[in-house]
Structure formats: structure tokens, C-alpha cells
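Written out below as C-alpha cells is the structure these notes cover.
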Amino acid sequence: MASNFGFTQTLSITESTSTRNFNADQFLIAGHQITFSNGSPAYAKSSVSSGLNSLTAVASVLDNEGVSIYSGNGKELFTASYKLENDDSSVKVYTKPNGGFIIRENIANFLFYNALGHNIQSISNSSQSTEGESISELAADPAFKTVVLYNPKIISNGTGGSRARIISGNWTTRDIFYSSDRAIRLVKVSDNGQFVAIASYASGTDDAVEITDRFGNEMGTFAFDQEIADLNFSNDGKYITIRSNGRVAVYSVLTGERAGSTSFRSKLYFADYVPQDDTIIALIGDQSGTVLNDIEIHAINLSARSIERQSYGSSLGISSHISPRLNRTGSMSYTLVGLSKVLNLNIRN
């Protein structure tokens, strides 16, 4: 940590009563307790791929009969017809808040289904490279207002490049990023769907984050001297938090200025910036499978140049289907959700 930060605040951590007795394999999604078994919701049938939506707790699970849509309490709503190719390891399901969903298949093909389970569109994201490409990925805001399809790596002339495209309202696609020599680590869309952040890398150079608006207009590019593990937009989309496993930095999307940064000695699992309080909330811990141990929460107030850290004396479960998320509940008060227990965080001077 920066040595000139002071310790002038008090950080308290309490568990939400609704999740206090949860085990590491139990999660609260939109008010429903979901137990995971072998990485998927326990009520799922022969699941090979699933997705969860934190707004509605609708789970989409692919089984031998097709794609089944469940409510958060595990009630099956309907099953849509889909033929799974047994040798297709690229199959993945992305669920929407209204119960619609998207299936990725055959490396780069995306099938779009409405909330009635009807297939309404198919889009191929293949680059047509004769030298090969990695499995295509999808990124979207929570409401799926802005949907980005991207090729993390496209091999051309022996070099790894990449591409990202936005799906327009008439089902056409528009390139917002292309590089012949940089591969994409990850893509994030702001909650309001207005901005897209693309983290890329190339041998011998720093990682970089390029931000565009939803029309592809470039807003700025930020270099980061460590391997980027995650990106988070602030709720209003005006700031971007960039983190590695040991460092976090916050930048203004509109001006490009750095609001602040700090480093950690232990592994950094989560970090987000709250502009209303000018504070970074960070979680560090040791990961063992789907469990975090030796957890500490850090609160770094950038304008006051103060920091407080507090140990959390228990373990927390994590899931690849659910991303941690920080919600502001009041001045210097937050809830951290997306882990096996919901944590209430309060900071006092």
C-alpha cells in the first residue's frame, strides 16, 4: 500500500441476516436461495452449460432435451427445442432478464431466442481465418441493451489479433475494435449500455483498455503494466476500475485522468470504485477451488488519502456463474453481493 495513506476511518463488516447461515455452495440470487452442485444449480438436469441473471434469477440450463428455463426458486418455466452436438465443447448459454436467452455453439455461432423459447435470429461471429481462431465470447449490460460479440484471438500470418463487434437493432454487426497484433483478454459493457471497455494484450507491451461508446466512437485508451484480471464501470459509466491480481487503478472515462491507484501484497479478488464517496472497495483473499479464505476488505478514500482494512473471519463461496457486485446503500455504506454471503460494509470517520 502507499505509505502516505492514513488510518482515519473505521470499517465494519456484517453479514446479511438472509444469508448468514448459508454454506459455501449456497447463493442468494434475486431473493432466492440457490444451492450449487458440481458448479451448477442443484435443480438442473444433466447440465453442461448454464447462466444466471442477477436481476431475475432466471437460470438457463442445457440438457439432453434442449434448453430449460427456470425461475429462481427452481421451478421449470419451459424447455426450448435445441439439438446438442455431443462433440461441441463450445456450447454456452447466456440468459436475459426477461427469460430470453442466447446459445453459443460451433465456436462462433450465436442463436437468439425470445422469452417464449422461439429461435428468432442466428449470427455467425467467425472471422473466417484459415489459420484458426479462439472460441467467440459475448458481453452485454444487465438488460442486454448493448450486446458485443468478440473474437479473443484470431491467428493471421502467425500473429494473434482480435476483433469486437456490436449487434445493431436490425441484427447487423458493426466493428468497434480490430487489431492484427493484440489479443483480447475481456470485454465489459457499462450498466447503462452506453460504454464498452476492451482489455487487450500483446507480447512485450503493457496491457491496454480501449473504451468506446455503443456506436464505436473511441473515448480513450489506458495502459496498465500488469495482466488485467477484471474491469468495472461505475454505475453512471463515468469511471472505469482496472484491476490485476495485485493492483487497482481508477480512471475517468470522460477526461482520461487517473483518479487514484494502489497495490496489494495479497491476491486481489475484487475491486470497484464509488464516485459519490471517492472510495475504492477491494477484497483480497486466498482462493482454493470455489472458496475464498483469509479474507480482508479494504476501503481507500482517494480524496481524504485514508485507508481502512478489516478482516472477515470466515470463508466465502464463489461461482463462475455469478460475479461479485458492489451496491451503494447510502453515504459510505454498501452491500457486496455475488458471494455465498451478502456482506454489509459501513465506513465511519
* **In sequence order, calculated HN-Hα J values of region 70-80 (Karplus, 6.51, -1.76, 1.60; Hz; x Gly/Pro)** => 10, 7, x, 7, x, 6, 6, 8, 6, 10, 8
* **Candidate residues Arg258, Arg165: accessible-area rank, largest first, probe 1.4 Å** => Arg258, Arg165
* Report, by chain and number, residues whose modeled amide H sits under 5 Å from the one on Ile29, excluding near sequence neighbours (fewer than 5 apart, same chain). => Ile34
* Using a 1.4 Å probe, how large is the accessible area of Leu28, given in Å² and rounded to the nearest 10? -> 60
* Can you give me the Cα centroid spacing of region 279-293 and region 58-127 in angstrom? -> 31
* To do: For region 39-45, take each phi angle, set θ = phi - 60°, evaluate the Karplus expression 6.51 cos²θ - 1.76 cosθ + 1.60, and give the result in whole Hz per residue in order, putting x for glycine and proline.
  => x, 10, x, 4, 7, 6, 9
* By average C-beta atoms within 10 angstrom, highest first, the peptides 111-119, 229-237, 63-71 -> 229-237, 63-71, 111-119
* Equivalent-ellipsoid semi-axes (√(5λ), Cα gyration tensor) for the chain, whole Å, largest first? -> 33, 27, 17
* Portion, in percent, of the accessible area of region 11-146 that falls on carbon or sulfur, probe 1.4 Å -> 45
* To do: List the relative contact order of region 187-341 as a percent without decimals, with contacts defined as Cα pairs under 8 Å and 6+ residues apart.
  => 11
* To do: Could you size up the charge dipole of region 223-309 around its Cα centre, putting +1 on the beta carbon of Lys and Arg and -1 on that of Asp and Glu, and report it in debye to the nearest 20?
  => 160
* Asked: Say R0 is 30 Å: what FRET efficiency, to the nearest 0.05, do Gln128 and Asn38 get from their beta-carbon distance?
  -> 0.25
* **Share of carbon and sulfur in the accessible heavy-atom surface of region 236-349 [1.4 Å probe, %]** => 39
* Asked: Which is farthest toward the positive dipole end of the chain among Ser179, Thr335, Ser37, measuring Cα position about the Cα centre, with Cβ charges +1 (Lys, Arg) and -1 (Asp, Glu)?
  -> Thr335
* To do: Report, in debye and to the nearest 20, how large the dipole of region 76-154 comes out about its Cα centre when Lys and Arg carry +1 and Asp and Glu carry -1 on their Cβ.
  => 280
* Determine the shape class of region 53-113: with a ≥ b ≥ c the square roots of the Cα gyration tensor eigenvalues, call it rounded for a/c under 1.5, and otherwise prolate if a/b is greater than b/c, oblate otherwise. => prolate
* Asked: Kirkwood hydrodynamic radius for region 237-343: how many Å is it when counted over pairs of different Cα atoms?
  -> 14.3
* If r is the Cβ-Cβ distance from Ser81 to Arg305 and R0 is 51 Å, what FRET efficiency results, to the nearest 0.05? -> 0.30
* Counting pairs of alpha carbon atoms under 8 Å apart in space and at least six apart in sequence, what relative contact order in percent does region 139-236 give? -> 21
* Asked: Of the cross-linked pairs Lys92/Lys267; Lys96/Lys153; Lys45/Lys96; Lys96/Lys188; Lys75/Lys96, which ones have a Cα-Cα span greater than 24 Å in the structure shown?
  -> Lys92/Lys267; Lys96/Lys153
* Where a Cα-Cα gap under 13 Å defines reach, which aspartates and glutamates qualify for Lys83, not counting those fewer than 8 residues away within the same chain? -> Asp63, Glu65, Glu105
* Name the residues whose placed amide hydrogens come within less than 5 Å of the amide hydrogen of Ile176, ignoring near sequence neighbours (fewer than 5 apart) on the same chain. => Ala164, Arg165, Ile166
* Asked: By accessible area of protein heavy atoms, probe 1.4 Å, what ranking do Ser18, Ser129 get, highest first?
  -> Ser18, Ser129
* Picking from Gln9, Asn232, Asn23, whose Cα lies most toward the positive end of the charge dipole for the chain (charges on Cβ: Lys, Arg +1; Asp, Glu -1)? -> Gln9
* **Residue-by-residue Karplus 3J(HN,Hα) for region 120-134, coefficients 6.51, -1.76, 1.60, Hz, glycine and proline x** => 10, 6, 10, 10, 8, 9, 5, 7, 6, 5, 7, 9, x, 8, 7
* To do: In debye, nearest 20, what is the charge dipole magnitude of the chain about its Cα centre with +1 on Lys and Arg Cβ and -1 on Asp and Glu Cβ, if you could check?
  => 600
* Asked: Tell me, what is the percent relative contact order of the chain, built from C-alpha pairs under 8 Å that lie six or more residues apart?
  -> 14
* Rolling a 1.4 angstrom probe over the protein heavy atoms, how many square angstrom per residue are accessible across region 274-349? -> 39
* Asked: Whose amide H sits under 5 Å from the amide H of Thr19, counting only residues 5 or more places off or on another chain, with H placed in the peptide plane?
  -> Val342
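The values are calculated or read from the model by the stated rules, or taken from the named source; none is laboratory data. The structure presented is a predicted model; accordingly, all values stated were derived computationally and were not measured. FYI the Cβ positions are ideal-geometry reconstructions off the backbone, even for glycines, and counts take in every protein chain you see. Just the protein is used for accessible areas: all its heavy atoms, side chains included, with ligands, DNA and RNA removed. Shrake-Rupley method; radii C 1.70, N 1.55, O 1.52, S 1.80 Å.
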